[in-house]
Amino acid sequence: MVGLGKTVDNGGEPLTILQDISFSVMPGETVAIVGASGSGKSTLLGLLAGLDVPTAGEIRLDGVSLAALDEDARALARGRLLGFVFQSFQLLPALTALENVMLPLELAGRKDAAALARDWLERVGLGHRLKHYPKHLSGGEQQRVALARAFSPAPRLVLADEPTGNLDAVTGKQIIELMFDLNTRQGTTLILVTHDEAIAARCGRVLRIQSVA
Ligand SMILES: Nc1ncnc2c1ncn2[C@@H]1O[C@H](COP(=O)(O)OP(=O)(O)O)[C@@H](O)[C@H]1O
Ligand SMILES: [Mg+2]
């Protein structure tokens, strides 16, 4: 991506959240983005995911500018290329663990969504929790479901936004180990936002984002 910027209208006052960010990521790379709280890390991930539109610069995925795609095409590219892991897990509360993992697989047209989702939940150690709803799962278990959901469609790129931010130290470490293990086995490209230097150091490259203000 080149010269990326994001300015928002903050009640009439333009507020610059990101300014002149440029970097590229090669397939299979693991990259940590580190910065203080409020420095714009989540905003940057949202732009990379095509969930939000930059006010300056452009983002290219496989040489294709995201801006050249309309909303539907961006959603399609997102579904095919990207997996997400969030700090707050973001599982759908009305769906069981199994159904949460099945959803993106079904959207991708996989006929074997149920069997594949079950395999993946077993892989993350939750074979015995298939029919549990998120509210009956611990934080660590919810993040395991989220990892299965992110990796099971075999995305090219996984974006993780402080994936251990809501977990205790021991559980967080287990989740990080699992995420790196899945990532290595799948050969996925990983962009990980964190303020934990020890986690960042696990990545092949660390990018630091400095606050604009
Ligand atoms: N839509 C928005 N309107 C106004 N301010 C925003 C908006 N989105 C983010 N911000 C502000 O931009 C800054 C960066 O936010 P964020 O990307 O969430 O940072 P981080 O993830 O690094 O903590 C914060 O100060 C936040 O309050
Ligand atoms: Mg954030």
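P(r) of region 139-213 in 5 Å steps, Cα pairs, percent per bin?
Percent of Cα pairs in each bin: 3, 14, 29, 25, 17, 7, 3, 1.
Pairs of lysines 8 or more apart, or on different chains, with alpha carbons under 23 Å: count those in the chain, would you?
Close lysine pairs under the 23 Å cut-off: 4.
Using only the Cα atoms of region 55-158, build the gyration tensor, take square roots of its eigenvalues as a ≥ b ≥ c, and label the shape rounded, prolate or oblate: rounded if a/c is under 1.5, else prolate if a/b is larger than b/c, else oblate.
Cα axes put region 55-158 in the prolate bin.
Return the calculated 222 nm mean residue ellipticity for the chain, to the nearest 500 deg cm²/dmol, obtained by summing -39500 (n - 2.57) across DSSP H runs with n ≥ 4 and dividing by the residue count.
Result for the chain, helices only: -11000 deg cm²/dmol.
For region 1-122, with every protein chain kept in place, what is the accessible area per residue (1.4 Å probe, Å²)?
53
Measure off, as a whole percent, the carbon and sulfur share of the 1.4 Å-probe accessible area of the chain, all protein chains present. Before the final figure, lay out each step's value.
On the way: 5670 of 10840 Å².
Solvent-exposed carbon and sulfur of the chain make up 52 percent of the total.
How would you classify region 80-137 from its alpha-carbon gyration tensor, with a ≥ b ≥ c the square roots of the eigenvalues: rounded for a/c under 1.5, else prolate if a/b is greater than b/c, otherwise oblate? Numbers along the way, then the final one.
Numbers: a/c = 1.60, a/b = 1.17, b/c = 1.36.
Cα axes put region 80-137 in the oblate bin.
When all C-alpha to C-alpha distances in the chain are sorted into bins of 10 Å, what percent of pairs does each bin hold, rounded to whole numbers?
It works out to 8, 33, 36, 19, 3, 0, in whole percents.
Ranked from the most accessible area to the least, with a 1.4 Å probe and all protein chains present, what is the order of LYS135, LYS111, LYS173?
LYS111, LYS135, LYS173
The values are calculated or read from the model by the stated rules, or taken from the named source; none is laboratory data. A quick note: this is a predicted structure, and the numbers were derived from the prediction, not measured. What goes into the accessible areas is simple: the full protein's heavy atoms, side chains included, and nothing from ligands, DNA or RNA. Shrake-Rupley method; radii C 1.70, N 1.55, O 1.52, S 1.80 Å.
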